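The values are calculated or read from the model by the stated rules, or taken from the named source; none is laboratory data. Source: prediction; values computed, not measured. Cβ coordinates were reconstructed from backbone atoms using ideal geometry, including for glycine residues, and neighbour counts include every protein chain displayed. We work out accessible area using only protein heavy atoms, side chains counted, and drop any ligands, DNA or RNA first. Shrake-Rupley method; radii C 1.70, N 1.55, O 1.52, S 1.80 Å.
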Amino acid sequence: MLIANSSAVLLTGLLGYFTFRRIVKPIQALDASVKSIAAGEYGNEVPFTAATDETGGLARSVDILKRGASAMDDQRWVKSSASKLTEDLQRAASLAEFGQRLVSGLVPLLGGGVAGFYVYDEKPGRLKRIAAYGLAEGAATADSFGMGEGLVGQCAQGQKAVTLTNLPPGYLRVASGLGGAAPVQVVASPLVSTGALLGVLEVATFRAFSGRERALLEELLPVVAMSLEVLQRNLHTQELLAQTQEQARQLEEQTEETDPIAGGVAGAKGGTPNAAA
């Protein structure tokens with residue numbers, strides 16, 4: 001009886017241990033995974049997804065939940081970031097301010113680095129840099145490019161994004177007050193509206209873009225191109241209006257100088273009704 005009782009206790013302990021290993025421990029791990037998903041932490045892998053029993057089925061369901069929540073969070077981030085940047089760009093009163101607002105707002109969202117914003121001028125047929133972010137003073141970089149010249153010019157000529165990776169050590173150095181390092185990739189993206197080239201955005205970063213960062217660029221660049229086109233039209237209209245007003249002023253001055261008698265007579269006629277009254 002003693003041996004039988006000891007065997008029963010041992011068997012019960014073994015069954016309890018295996019039950020804990022097969023049920024309780026996986027449930028605790030999945031519970032922790034669900035809590036991390038609810039807290040917005042999507043980087044951790046869901047455990048036991050390869051299991052073939054009921055625990056594996058539950059783990060795979062939790063993994064699907066995590067992927068869906070992560071996708072929705074990325075979409076919300078892309079939409080809110082693009083909306084904020086677009087609203088900020090609409091307050092720009094000049095091309096230089098537009099470019100500076102763009103690179104200052106976008107580069108931190110892409111993980112930091114260096115950026116340059118180039119606007120295309122049709123008359124000389126060149127792209128001129130009007131704004132920069134994180135560019136060290138005295139850096140050996142060009143201020144303008146022709147079509148097909150360099151990465152910016154090649155991007156403009158093909159009107160397609162161009163990406164360079166595995167950059168050589170002396171290509172560029174991103175510097176700050178605390179140190180510096182070489183970027184990992186450079187991406188040049190064209191700004192095109194209704195088939196017309198408006199400019200190029202060039203960004204150098206310390207790492208490759210994540211999925212949601214690439215989605216942000218795809219979402220934002222068409223809106224940036226449209227906003228830039230609207231600003232250019234408004235500035236052109238203001239310039240024409242200022243020229244018209246200046247021409248009218250000059251014509252009025254010339255009229256007064258060449259015909260002072262007519263101006264005096266007109267002034268006298270204008271004063272007659274008041275005198276009669």
With all protein chains present and a 1.4 Å probe, how do Met1, Met147, Met226 order by accessible area, largest first? Met1, Met226, Met147
Heads up, I need the accessible area for Thr163: 1.4 angstrom probe, whole protein in place, Å², nearest 10. 80
Answer rounded, prolate or oblate for the range 87-147, using the Cα gyration tensor with square roots of eigenvalues a ≥ b ≥ c: rounded when a/c is under 1.5, else prolate when a/b is larger than b/c, else oblate. oblate
Listed peptides 75-85, 148-158 by packing density, highest first (mean Cβ within 10 Å): 148-158, 75-85
Whole-number D in µm² s⁻¹ for the range 39-80, Kirkwood Cα-pair radius fed into Stokes-Einstein, 25 °C, 0.890 mPa s: 220
Expressed in square angstrom to the nearest 10, the accessible area of Lys25 with a 1.4 Å probe stands at 100
By accessible area with a 1.4 Å probe, ligands and nucleic acids excluded, highest first: order of Leu220, Leu167: Leu167, Leu220
The range 188-253, dipole about Cα centre (Lys/Arg Cβ +1, Asp/Glu Cβ -1), debye to the nearest 20: 400
